[in-house]
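Trainee: Dropping the structure in here first, questions after.
The values are calculated or read from the model by the stated rules, or taken from the named source; none is laboratory data. Not measured: the values here are computed from a predicted model. Cβ placement follows ideal geometry from the backbone for every residue including glycine, while neighbour counts extend to all protein chains displayed. We work out accessible area using only protein heavy atoms, side chains counted, and drop any ligands, DNA or RNA first. Shrake-Rupley method; radii C 1.70, N 1.55, O 1.52, S 1.80 Å.
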Amino acid sequence: MATRRQKIRFNIERTRKLFNAFLRSKRANVGLLIIIFFIAIAAFASLLTPYDPTLDTWLAGSGSYHARPSWFKYFPGGEYLSENLAPIPDPEFSDPSISKNWNAEFLLSDKPVEYSTNIFVEHEQAIGKSGSALITYHRSNASTPQKATIRLDTNSYYPYRGPPARFFCKVKIIIEGSKDLPIEPLLFVEDTTHQTRLDWGFGLNWNNANFTETMTKWKTPSPQATSDTEVGVRMSRFNTISSLEEMVFPENVSYTFGLEITFWDVPTNAGKDIRGSVYVDVLDIKLFGTSFGLLGCDWQGRDLFTQLIYGARISISVGLIAAGISVLLGLIVGLVAGYIGGGVDEVLMRLTDALLVLPGLPLLIVLIAVLGTSISNLIIIIGFLGWMGFARVVRSQVLSLKERPFVEAARAIGAGKSHVIFKHIIPNVMSLVYVTLATSVPAAIVSEAALSWLGYFDPYIMSWGRMLNDVQVHSGYGDWWWVIPPGLCIAAVSVSFILLGYALDDILNPRLRLRR
């Protein structure tokens, strides 16, 4: 019992001394701090950013314009950048008090009036996701028919000196009416400062359309009312090939957005009781800026900061797991070949030599192309192709250790092979394991980055190498904030593990250990 306690105390004291020596190493401290930083951002990625690195697209910018980082606006030329705007406070009409967020304007025979006795606006809780606005036109048979229009709109201010990258309007309506009352809806946005207006009809290619039958499904403009719809549709509706966002939001303007509904109560309806209703479930406009977040957006409008944060997870995971696999395989092969020797040693070393002479990256590319580009395949292939050099180092160390007097003494008292290996050989090569593990991680990270940069990446995840591949494929070399951060992160993580490996080598290798 006393011997066991002494052994435990000895191990604790030895660990404490190694830990203190590790903390005294400047290289170890720098490497450890960098590693802790990247592990922290990888672990708390979901708290640092609300977006998904691959699925959340078109957060800002447009296909031809990559959104710049938001802090660009503090530098010369940045005063013309814009940011995302979602000005509609209640687009789904969840608030029963519709007049709180929306204005109702009436026109009778194209003349503005303060109110109309035939048009009513109310909240309908049973229709729509969160309720809807119900606009009803009702004229008794004793009243005179006349064209009646209601505008349900809201006024806002566009605060930026440059236009948005694009805008997107959304509306959903259901019409309940009779064949005697054509109903014409128009979605519109107008620059009230310069008197410029765009409106979208609900017919094909945004043409105006009158509806005389009750709908069974929600109706929206076709195609969707966006500023970046194909040129042919913009030309036919607005007679322009210019960007629609520049027409309505040139700079610092007041604008009005809403839905205009016209009830065509024609003179032939005299003496009839006429009723028609329009349910509006969603009425929204979103403006997507030319700047976004800390690092802007890529070609699909995905947040680059989110990609960088989540890329840390992939790179560190691939580096640690693949390095662990390669070191474990190298340790097993080296131990078996060195300790058993003979024919086993010859076979294992010739296999090792054969794999060593194969070109690494081309072999990785071939295997990934055959087996698939999932992240598990990447890790396994990188790990299984990185053990050969370490196996030769372990073998040479084992060949020396098995001839040492303490190993001969263990054999002389009847110790078996397993006892000698686990009690005498492995503890004396563990320093090599620690150092090699630390220095193998950068190689695995760079291998994954190289494969991803060449296009062999898992399509469901984002890594730093894939970010660089997107830069290459989509001509993003001019966007330095897209190119430099992932490259710096790869370099920083690689350097941190190399510093850690050098520090461990200084501490664990008696020939390099500093005498104090």
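Trainee: Need the list of lysines near residue 423 for cross-linking: C-alpha distance under 16 angstrom, and skip anything on the same chain fewer than eight residues off.
Mentor: Leaving aside lysines fewer than 8 places away in the same chain, those within reach of residue 423 are 7, 402.
Trainee: Assuming 1.002 mPa s and 20 °C, estimate D for region 1-94 with Stokes-Einstein, Rh taken as the Kirkwood radius over Cα pairs, in µm²/s.
Mentor: Estimated via Stokes-Einstein, D reaches 108 µm²/s.
Trainee: Where does each of 478-487, 416-425 land if you order them by average Cβ count within 10 Å, highest first?
Mentor: Descending mean neighbour count gives 478-487, 416-425.
Trainee: How many times 2.2 N^0.38 Å is the alpha carbon radius of gyration of region 268-356?
Mentor: Ratio of Rg to 2.2 N^0.38 Å for region 268-356: 2.76.
Trainee: Excluding ligands and nucleic acids, what accessible area in Å² is computed for residue 27 using a 1.4 Å probe, to the nearest 10?
Mentor: Surface accessible to solvent at residue 27 totals approximately 100 Å².
Trainee: Just order 72-84, 255-267 by mean Cβ neighbour count inside 10 Å, highest at the front, would you?
Mentor: 255-267, 72-84
Trainee: Taking a label point 7 Å from the Cα of residue 179 along the Cα→Cβ vector, which residues of region 211-225 have an amide N closer than 14 Å to it?
Mentor: Correct set: 212-214.
Trainee: Then there's this: Would you work out which of 74, 330, 169 lies farthest towards the positive end of the dipole of the chain, given +1 charges on the beta-carbon of Lys and Arg and -1 on that of Asp and Glu, about the Cα centre?
Mentor: 330
Trainee: Sorted from largest to smallest, which semi-axis lengths in Å does the alpha carbon gyration tensor of region 365-406 give for its equivalent ellipsoid, taking the root of 5 times each eigenvalue?
Mentor: 36, 9, 5
Trainee: Straight-line reach from residue 417: which aspartates and glutamates fall under 12 Å, measuring Cα to Cα and dropping same-chain residues less than 8 apart?
Mentor: 408
Trainee: For region 18-67, list log₁₀ I(q)/I(0) at each q in 0.13, 0.16, 0.18, 0.32 Å⁻¹, using the Debye formula over Cα point scatterers of equal strength and ignoring solvent, two decimals each.
Mentor: These q points yield log10 I(q)/I(0) values of -0.56, -0.66, -0.72, -1.10.
Trainee: Right, next: Taking all pairs of different Cα atoms in region 175-272, averaging 1/r and flipping that mean, what Kirkwood radius in angstroms comes out?
Mentor: 15.0 Å
Trainee: If you don't mind, another one. Quick one: grab Rg to one decimal and Dmax as a whole number for region 248-403, Cα atoms only, in Å.
Mentor: Both quantities, over Cα of region 248-403: 33.6, 116 Å.
Trainee: Sort 96-103, 136-143 by the packing proxy (mean of other Cβ within 10 Å over each peptide's residues), most packed first.
Mentor: In descending order of packing, they fall as 136-143, 96-103.
Trainee: Projected onto the charge dipole of the chain (+1 at Lys/Arg Cβ, -1 at Asp/Glu Cβ, origin at the Cα centre), which of 365, 85, 185 gives the Cα projection farthest towards the positive end?
Mentor: 365
Trainee: Let me ask you something else. Using only alpha-carbon positions, what ratio does the radius of gyration of region 189-230 give when scaled by 2.2 N^0.38 Å?
Mentor: Against the compact-globule rule of thumb, the ratio is 1.41.
Trainee: Over 10 Å intervals from 0, what percent of Cα-Cα pairs in region 219-321 sits in each interval?
Mentor: 9, 23, 26, 19, 13, 6, 3, 1, 0
Trainee: Quick check on region 278-326: what does the Kirkwood estimate of hydrodynamic radius come out to from the alpha carbon pairs, in Å?
Mentor: Its Kirkwood hydrodynamic radius stands at 14.3 Å.
Trainee: Per residue, how big is the convex hull of region 238-294 when only Cα atoms are used? Give it in Å³.
Mentor: Value for region 238-294: 162 Å³ per residue.
Trainee: On a straight-distance basis, which lysines could pair with residue 147 in a cross-link, Cα separation under 18 angstrom, same-chain partners fewer than 8 positions away excluded?
Mentor: Partners within reach: 111, 179, 272.
Trainee: Turning to a different aspect of this structure: How big is the C-alpha Rg of region 57-172 next to the rule-of-thumb value 2.2 N^0.38 Å, as a ratio?
Mentor: My calculation over the Cα atoms of region 57-172 gives 1.50.
Trainee: Once the convex hull of the alpha carbons of the chain is built, what does its volume come to per residue, in cubic angstrom?
Mentor: For the chain, the hull spanned by Cα atoms encloses 234 Å³ per residue.
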